[in-house]
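Worksheet: one structure, shown below.
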Amino acid sequence: MLRYKKVATGGTFDHIHAGHRKLLERSFQVGDEVVIGLTSDEFVARLGKKPDHGYEKRKAELGSFIEQRFPGRKFHIAKLNDYFGPGIASSEVEALVASPETSRRLALANKLRAEKGFPPLKLVTVEWIDADDGRRISSTRIRKGEIDPEGKLLRER
């Protein structure tokens, strides 16, 4: 398995669920240091999402989760105001750890990196995790009360 000095990943991380855990586990598995781009409240609004928690609470909960799950590991949470953030801005980032959805942006990310004279990012794709109904686990579905963070279907009351 390839290892990188520094990798980047990102998301909204509104309700940390099984899919987020898989993404972060893979990031810490392949990277000595992990930069996590966390979408800003402004960027989330531009994307049409309505998270239950604001940036500061999402950042605190994500940081706490990482410190508990990956004690002693190097990481940095960076505010994302667009799709690319720290993966583009730092020549030290060697790989992007991403879902299939995010991985489609790699070509553009590498074009922007090339304009800065940075080497292209490698890609580590992490497949989505399906809920019990075969549909993907997401914070949106958790907010709607359809599933829990593990993908278990919630009964209607």
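Descriptive notes on the structure:
- Number of residues in the range 2-32 that are buried (at least 18 other Cβ atoms within 10 Å of the Cβ) and among the charged types (D, E, K, R): the value is 3.
- A single member of Glu92, Glu115, Glu101 is charged (D, E, K, R) and more than 23 Å from Val30 (Cβ to Cβ), and it is Glu115.
- Flag if Gly87 is surrounded by fewer than 19 Cβ atoms within 10 Å (Cβ to Cβ) and closer than 27 Å to Lys6 by Cα: no
- Candidates Val93, Val124, Val97, filtered to the one that is touching a Leu at 6+ places or on another chain (Cβ under 9 Å), part of a loop (DSSP other than H, G, I, E, B) and in contact (Cβ under 8 Å) with a residue 60 or more places away in the chain: Val93
- Residues in the range 98-135 that are of a type in the set (D, E, K, R), within 15 Å of the chain's Cα centre (by Cα) and surrounded by 13 or more Cβ atoms within 10 Å (Cβ to Cβ): Arg105 alone.
- Cβ-Cβ under 8 Å pairs, at least 6 apart or on other chains, the range 10-22 side of a type in the set (A, V, I, L, M, F, W, C), far side part of a helix (DSSP H, G or I): Phe13/His20; Phe13/Arg58; Phe13/Glu61; Phe13/Leu62; Phe13/Ser139; Ile16/Glu61; Ile16/Leu62; Ile16/Phe65
No lab work stands behind these numbers, since they all come straight from the coordinates. These numbers come from a predicted model, not from an experiment. Positions of Cβ are generated from backbone atoms using ideal geometry, with glycine treated the same way; all protein chains shown enter the neighbour counts.
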